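The values are calculated or read from the model by the stated rules, or taken from the named source; none is laboratory data. Because the structure is predicted, anything quoted here is derived from the model rather than measured. Heads up, the Cβs are rebuilt from the backbone with ideal geometry, glycines too, and the neighbour counts pull from every protein chain shown.
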Amino acid sequence: MTRAHREQNRKSWNEATRAHNSHKGDQAAFLQRKGTTTLFPEERALLGPVKGKSLLHLQCNSGQDSLSLVKLGARVTGVDISDEAVRFATQLSADAGLPATFVRRDVIDYLARPKQKFDVVFASYGVVGWLDALAPWARGIARALQPGGAFVYVDFHPAAWVFDEKGQPAYPYRSAGKVVDTVGVGDYVAKSGPGLVPWGFESGVRAFTNPHQTAQFAWGLSDILQSLLDAGLVLERFDEYPYANGCAIFGEMTMDAKRRFHLAPHYPQVPLMFGLRARHP
Ligand SMILES: C[S@@+](CC[C@H](N)C(=O)[O-])C[C@H]1O[C@@H](n2cnc3c(N)ncnc32)[C@H](O)[C@@H]1O
């Protein structure tokens, strides 16, 4: 990944993260309450019990999921390239009284020389689309895992990213490391409302426009799976889901009681998420 791409994405995420958190109210109070979590059942099921485990959370953004994992008893290190996300996560950890370590670093740089080995590496909801190469990512994940440790990954489905907001074909399924979109990170939290902020959405920043463009990449399922297999990980579980957790990724979607967003019937009915668990032998 070129330095220029990383810089663009860092700036764009800094700007968007401020807007996203402006809608989320008192997150420390939410996290302090007994039994609350920002995790969805799909990643909970793939992760299994995390109590007492060391866990590396890649591209952790503002740390809400990282701290939800701390509540479940994991010892968490979160890594993200965004200064604003890591600043916010560090403050949220202190305010909520949930200790975790947050590192501002490019994920590929971090994984080239991880400081320790982990029982679990976790990433979710908006991950590989920011990376221009998967081999160093997957090899780094294997490097960061203890023998017998697991990588758990849940993300929006590559088949869904072929379409634009109106459900029209607009992007390649895979781009072999070439940039497919440069649009700045948008305010998907505002679009998703209670889907992402079930404890009380606030209007916060209105009509957000991001002044910083991004560099985004398209990876197919085979790119993702083969990179993990090439890195020596053993695929243990793979699922596809016909809904998107928390996030209205297309223009017209309806949310159900489990905060799953569904496509309107006139959209192509492609899977909207996938999840996997791969183990270090
Ligand atoms: C959609 S968010 C992921 C959401 C996250 N799983 C959560 O718990 O909120 C994508 C994140 O990837 C981060 N990111 C993008 N490129 C990165 C890179 N090269 N290294 C580390 N983090 C990166 C962004 O700063 C952003 O926080």
Problem - From the options ARG277, ARG206, ARG237, ARG259, residue that is basic (Lys, Arg) and more than 20 Å from VAL152 (Cβ to Cβ) - result: ARG206
Exercise for the section: Please specify each residue of the stretch 130-139 satisfying the condition of being outside any loop (DSSP other than H, G, I, E, B), buried (at least 18 other Cβ atoms within 10 Å of the Cβ) and touching a residue at least 60 places away in the same chain (Cβ under 8 Å). Expected result: TRP130, TRP137, ALA138, ARG139
Exercise for the section: Name the residue, out of ALA96, ALA112, ALA89, that is modelled with pLDDT of 95 or more and either within 8 Å of the ligand (Cβ to nearest atom) or exposed (fewer than 15 other Cβ atoms within 10 Å of the Cβ) (or both). Expected result: ALA112
Exercise for the section: For the stretch 1-24, enumerate the residues that are near the ligand (Cβ under 9 Å from one of its atoms), part of a helix (DSSP H, G or I) and not β-branched (Val, Ile, Thr). Expected result: HIS5, ARG6, ASN9, ARG10, SER12, TRP13, ASN14, ALA16, HIS20
Problem - Count of residues meeting criterion [surrounded by fewer than 24 Cβ atoms within 10 Å (Cβ to Cβ), near the ligand (Cβ under 9 Å from one of its atoms) and hydrophobic (A, V, I, L, M, F, W, C)] in the stretch 53-74 - result: 1
Handout entry: Residues of the stretch 25-52 that turn out to be outside any loop (DSSP other than H, G, I, E, B) and within 15 Å of the ligand (Cβ to nearest atom), as a count
Key = 8
Practice task
Being assigned to a loop (DSSP other than H, G, I, E, B) and either among the basic types (Lys, Arg) or at pLDDT below 95 (or both) narrows it down to one of ARG206, ARG237, so name that one.
Solution key: ARG206
